[in-house]
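The values are calculated or read from the model by the stated rules, or taken from the named source; none is laboratory data. These numbers were taken from a predicted model, which means no experiment stands behind them. In this analysis, Cβ positions are derived from the backbone assuming ideal geometry, glycine residues included, and neighbour counts consider all displayed protein chains.
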Amino acid sequence: MNKTSEAEATLARWQADGEAARARRGEIGVARPEQVAGLSGMQVFEAMMAGRLPAPPIGITLDFLLVHVEPGVAVFQGRPGFAHYNPLGTVHGGWFATLLDSAVGCAVHSSLPAGKAYTTLELKINIVRALTDKVPLVRAEGRVVHGGNQVATAEGRLIGPDGKLYAHATTTCLVFDTRR
């Protein structure tokens with residue numbers, strides 16, 4: 001298979017993944033504390049992906065969604081659109097940062113046991129290639145590097161269906177006990 005047909009096959013697979021995720025998605029909103037109490041990070045994502053917990057509204061605003069999660073890994077998929085452009089005619093760096101922050105943060109969240117939560121302490125991104133709406137979909141793939149009791153780190157990559165790297169990121173997250 002040549003590179004063009006590989007990229008087309010990847011794009012078709014990603015589009016199918018996105019449609020399946022949208023079909024499973026429940027209401028848009030924010031989970032109430034009692035809905036997530038006692039759940040591990042993975043259980044929260046399983047409930048969200050099954051439509052039992054609401055999907056966050058930021059995904060509607062910036063046209064991205066969670067398409068895959070497993071312990072220590074989270075994959076978001078997004079459509080760069082004209083609404084995300086900066087004055088220079090390319091996708092704004094904040095859009096890159098939001099997708100990558102979601103991927104690396106949720107990778108950390110997916111690895112947490114019940115009773116633990118996290119917050120981002122630091123996010124570092126490197127944009128290595130401009131992005132426009134000519135690229136139909138991109139994926140932000142986050143992976144935990146270190147999961148500790150107080151600090152967790154993760155790294156992520158933003159790639160196109162042709163395998164091109166658009167940006168990469170690292171995060172440091174503070175891990176803490178949830179309030180009871």
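Overview of results
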read-out	value
Matching option when the condition is aliphatic (A, V, I, L, M), buried (at least 17 other Cβ atoms within 10 Å of the Cβ) and in contact with a helix residue (DSSP H, G or I) (Cβ under 6 Å, 6 or more places away or on another chain), among V75, V67	V67
Subset of the range 11-45 (residues that are assigned to a helix (DSSP H, G or I) and out of contact with any Leu (no Cβ under 9 Å at 6 or more places or on another chain))	A12, R13, A16, D17, E19, A20, A23, R24, P33, E34, Q43
Selection from the range 136-180 of residues that are of a type in the set (S, T, Y) and surrounded by fewer than 19 Cβ atoms within 10 Å (Cβ to Cβ)	T153, T170, T172, T178
Wholly enclosed strands (runs of 3 or more DSSP E) of the range 87-166 bearing at least 2 residues among the hydroxyl-bearing types (S, T, Y)	116-127
Single condition V30 does not satisfy, out of (1) exposed (fewer than 14 other Cβ atoms within 10 Å of the Cβ); (2) more than 24 Å from A97 (Cβ to Cβ)	(2)
Pair list, Cβ < 7 Å and 6+ apart or interchain, from the range 103-126 residues that are surrounded by 15 or more Cβ atoms within 10 Å (Cβ to Cβ) to residues that are β-branched (V, I, T) and modelled with pLDDT under 95	K116/T178; A117/T178
